[in-house]
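Student: Have a look at this one before I ask anything.
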């Protein structure tokens with residue numbers, strides 16, 4: 001009986017230690033990165049790897065450029081992997097559930113990007129996000145029906161943090 005009591009005390013202490021470690025863990029931080037581009041110019045960006053409804057991989061980069069404390073641009077770059085081509089210059093439709101938030105204009109023609117890359121002006125969309133509800137991006141993929149890319153709540157939360165980052 002004495003041996004049983006000893007093991008019980010040891011397990012209680014271990015359980016208490018594990019509980020304290022879990023409870024006192026710091027929250028997860030957003031993976032927003034800052035890149036200086038000049039004396040008074042900075043780029044902040046959030047990078048995610050997501051899969052569309054056809055299980056194709058996409059790199060999703062939301063970034064903003066700030067000059068002298070003023071936001072010059074807030075863009076969403078979508079990079080499709082092997083064999084994916086986006087139709088240009090079609091806008092990107094953005095919805096949260098069944099509610100359409102708006103369309104982001106295609107600015108791909110203003111840059112020298114390959115056909116599997118889409119670049120969209122996201123400033124008017126990001127300012128409308130009031131919660132971390134998942135988003136649905138309707139991608140204008142060449143030769144296919146529109147493909148949906150689902151943006152999970154943790155990504156939307158990071159994007160909203162990026163909006164307020166200076």
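Student: Can you tell me the orientation of helix 153-164 relative to the chain, as the angle in degrees between its alpha-carbon axis and the longest Cα principal axis, to the nearest 10?
Tutor: Roughly 70 degrees between the two axes.
Student: So what is the relative contact order for the chain, in percent, with contacts set as C-alpha pairs under 8 Å and at least six apart? Don't jump to the answer; show the numbers that get you there.
Tutor: Values: 296 pairs, mean separation 31.3, N = 166.
Over the chain, the number comes to 19 percent.
Student: What do you get for Rg/Rh of the range 32-164 when both radii come from the Cα atoms and Rh is the Kirkwood radius?
Tutor: 0.95
Student: With runs of 4+ DSSP H residues as the only contributors, calculate the mean residue ellipticity of the chain at 222 nm using -39,500 (n - 2.57) per run, divided by the residue total and rounded to the nearest 500.
Tutor: Numbers: 3 runs with 38 residues, N = 166.
Dividing the helical sum by the residues of the chain leaves -7000 deg cm²/dmol.
Throughout, read-outs are computed from the coordinates displayed, never taken from laboratory work. From a predicted model like this one, the values you see are computed outputs, not experimental measurements.
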